[in-house]
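First comes the structure, then the notes that go with it.
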Amino acid sequence: MPAILIHGVPDTHRVWNGVRRHLSRSDVEAWDLPGFGTPRPSGFGSDKQEYVDWLVERLERVGEPVDLVGHDWGCILTARVASIRPDLVRTWAGGNGPISSRYVWHPLAKIWQDRVEGERFMAALEPESFAKDLVDGFDAPVEPVEEMIRHVDDTMKDSILRLYRSAVTMGAEWEPALSNVTAPSLVFWGARDPACQVEFGDALGGALHANGVVRLDCNHWTVLERPSEVAAALETHWAEGTDR
């Protein structure tokens with residue numbers, strides 16, 4: 001059974017490159033969500049439910065339960081999949097993607113959710129300054145973030161706006177179903193994340209009865225700042241899942 005890694009915003013599969021270099025298994029796949037470095041299917045509206053449905057359909061095609069992992073929006077979407085289709089998930093792990101009715105969207109998310117300010121932001125987006133904003137407090141070389149931002153095109157900008165506007169009340173909508181997750185779960189979280197505070201990682205771990213909540217000494221971009229530590233936590237988690 002493969003391990004499937006799902007990125008967040010404004011990422012592509014490339015955000016997992018560092019983690020993958022530290023993994024010993026060879027059956028690891030990192031997928032691009034529609035509109036994030038890959039075309040959107042005809043008629044795809046990029047709202048949160050469509051991304052969940054797309055993941056479910058892709059996972060059904062795998063043909064066996066997978067080790068599912070997500071970061072940022074990847075964490076949110078994969079946790080939702082695990083809560084509504086537990087048959088598709090052998091183990092689950094995720095980080096820095098809060099799913100809570102108590103979570104208040106960070107300032108940039110609120111801009112994207114505004115139909116005037118969001119378009120204005122995306123029209124004026126300049127990759128270098130955007131990358132600089134994202135790595136505020138970043139404890140690692142900035143090259144991976146600069147590489148990530150180079151792939152932010154008009155399709156991704158539109159997908160981001162549509163996704164965030166569909167998710168204003170996501171926490172209240174999706175939090176109750178977390179109790180349906182049956183897969184052994186692991187939460188990893190940047191303890192200094194200014195946008196998705198670590199208390200929401202602890203809450204997610206509690207809701208999922210997770211095997212552990214790994215607090216990493218970094219900000220939001222755990223998979224870029226602490227790739228070897230994320231990889232080590234995943235391999236321990238997968239080994240424990242095999243023993244169950």
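Couple of notes before you dig in:
- Scanning the stretch 19-28 for residues that are modelled with pLDDT of 95 or more and either of a type in the set (Gly, Ala, Ser) or surrounded by 14 or more Cβ atoms within 10 Å (Cβ to Cβ) (or both) yields Val19, Arg20, His22, Leu23, Ser24, Val28.
- Conditions (1) basic (Lys, Arg); (2) free of Cβ contacts under 8 Å to residues at least 24 places away in the same chain; (3) in contact with a Leu (Cβ under 8 Å, 6 or more places away or on another chain); number of the one not met by Arg61: (3)
- Of the strands (runs of 3 or more DSSP E) that lie entirely inside the stretch 18-103, those containing 3 or more residues that are within 28 Å of Glu199 (Cα to Cα) and out of contact with any Asp or Glu (no Cβ under 9 Å at 6 or more places or on another chain) span 66-71.
- The stretch 159-215, subset part of a loop (DSSP other than H, G, I, E, B), within 15 Å of the chain's Cα centre (by Cα) and aliphatic (A, V, I, L, M), residue surrounded by the fewest Cβ atoms within 10 Å (Cβ to Cβ): Ala195
- Options Arg85, Arg58, Arg14: the member that is surrounded by fewer than 24 Cβ atoms within 10 Å (Cβ to Cβ), of a type outside the set (Gly, Ala, Ser) and modelled with pLDDT under 95: Arg14
- Residue match in the stretch 105-124 (condition: of a type outside the set (Phe, Trp, Tyr) and part of a strand (DSSP E or B)): no
The values are calculated or read from the model by the stated rules, or taken from the named source; none is laboratory data. Not measured: the values here are computed from a predicted model. Reconstructed Cβ throughout: ideal geometry from the backbone, glycine too, with neighbour counts over all protein chains shown.
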